C-alpha cells in the first residue's frame, strides 16, 4: 500500500487516498452482486449458528459466489423473499427504518377475523411495552378455522408481525414475505436464488430516496 508492504488484514484504508496494489497491479473495485432468495422455512438468517442449525447459506453452497451478506432478516419459521449483496451502502438504504421500502407478507393465522378484528389490526397495538403497527392489513381468503392476511409493514422490527398479532391473541401458522417495495417474489422456487436485474437494483434505491 502506497509503496509499503502491509500484512495486517485490519489495517485501516481510506478509499480515494490510499493506493493498493497486489503483485504490482492495482486492485480494481470489487464486483458488486445482488441476489434474491426464496428462503425456506427452518433456516436461520446468519452465516454461522452457535446451536448448529442450518442457515440460509445452505441455499448458496457450491455456487461460486463472492461473499454476500443478508439484507435484513427473516426468522427461522418465516419464508419468502430475502435479499443478499456485497454492497453495504446499498444494503444500508434498503434497511433504513425511516426510508426503507415497505415489506409485504402473506400470513396464515389461526382465526377467521371478523370486521371488528380487522379494524383493530389496522391500529397500533402494544406488546411487551412496545407499540407496533402495520401500514395495512387485508383479508385475502378465509376457511373454516383459519385465514390468510396480507400485511404491509413500513418498518422492520424483530418479529414484528408475530408480536403484533399476538397482541390481539392471534397465532401465526405460516408467514411468507412476498415483496420488498415493488420487487416481488413471483415464481422463484423455494430454496432457489437469482441475481437482481440492474433496473431492480436501482428501483429499490430510487424508491427509498424519494420517501
Original post:
Taking the stretch 76-93, which residues are in contact with a helix residue (DSSP H, G or I) (Cβ under 9 Å, 6 or more places away or on another chain) and either more than 19 Å from residue 31 (Cβ to Cβ) or surrounded by fewer than 15 Cβ atoms within 10 Å (Cβ to Cβ) (or both)?
Top reply: 77, 78, 82, 93
Original post:
Quick one: which of 171, 100 is touching a residue at least 40 places away in the same chain (Cβ under 8 Å), surrounded by fewer than 16 Cβ atoms within 10 Å (Cβ to Cβ) and closer than 19 Å to residue 78 by Cβ?
Top reply: 171
Subject >> Yes/no for residue 166 being at pLDDT 95 or above and either more than 19 Å from residue 40 (Cα to Cα) or surrounded by 12 or more Cβ atoms within 10 Å (Cβ to Cβ) (or both) >> reply: yes
Subject >> Selection from the stretch 39-62 of residues that are part of a loop (DSSP other than H, G, I, E, B) and under 17 Å from the mean Cα position of the chain (by Cα) >> reply: 40, 41, 42, 43, 45, 46, 47
**OP:** Hey, can you tell me all the residues within the stretch 112-137 that are in contact with a strand residue (DSSP E or B) (Cβ under 8 Å, 6 or more places away or on another chain) and without any contact (Cβ under 8 Å) to a residue 12 or more places away in the chain?
**Re:** 124, 131
Original post:
Residue check: is residue 176 in contact with a helix residue (DSSP H, G or I) (Cβ under 8 Å, 6 or more places away or on another chain) and modelled with pLDDT of 95 or more?
Top reply: no
**OP:** State yes or no: is residue 142 closer than 23 Å to residue 41 by Cα and modelled with pLDDT of 90 or more?
**Re:** yes
Original post:
Restricting the search to the stretch 122-137, which residues are loosely packed, with under 15 Cβ neighbours inside 10 Å and within 22 Å of residue 184 (Cβ to Cβ)?
Top reply: 135, 136
Original post:
Checking residue 112 against (1) more than 21 Å from the chain's Cα centre (by Cα); (2) under 22 Å from residue 163 (Cα atoms); (3) modelled with pLDDT under 95, which single condition isn't satisfied?
Top reply: (3)
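The values are calculated or read from the model by the stated rules, or taken from the named source; none is laboratory data. Every value quoted in this text rests on a predicted model; they were computed, and no experiment measured them. For neighbour counting, all protein chains shown are included, and Cβ atoms are generated from backbone atoms with ideal geometry for every residue, glycine included.
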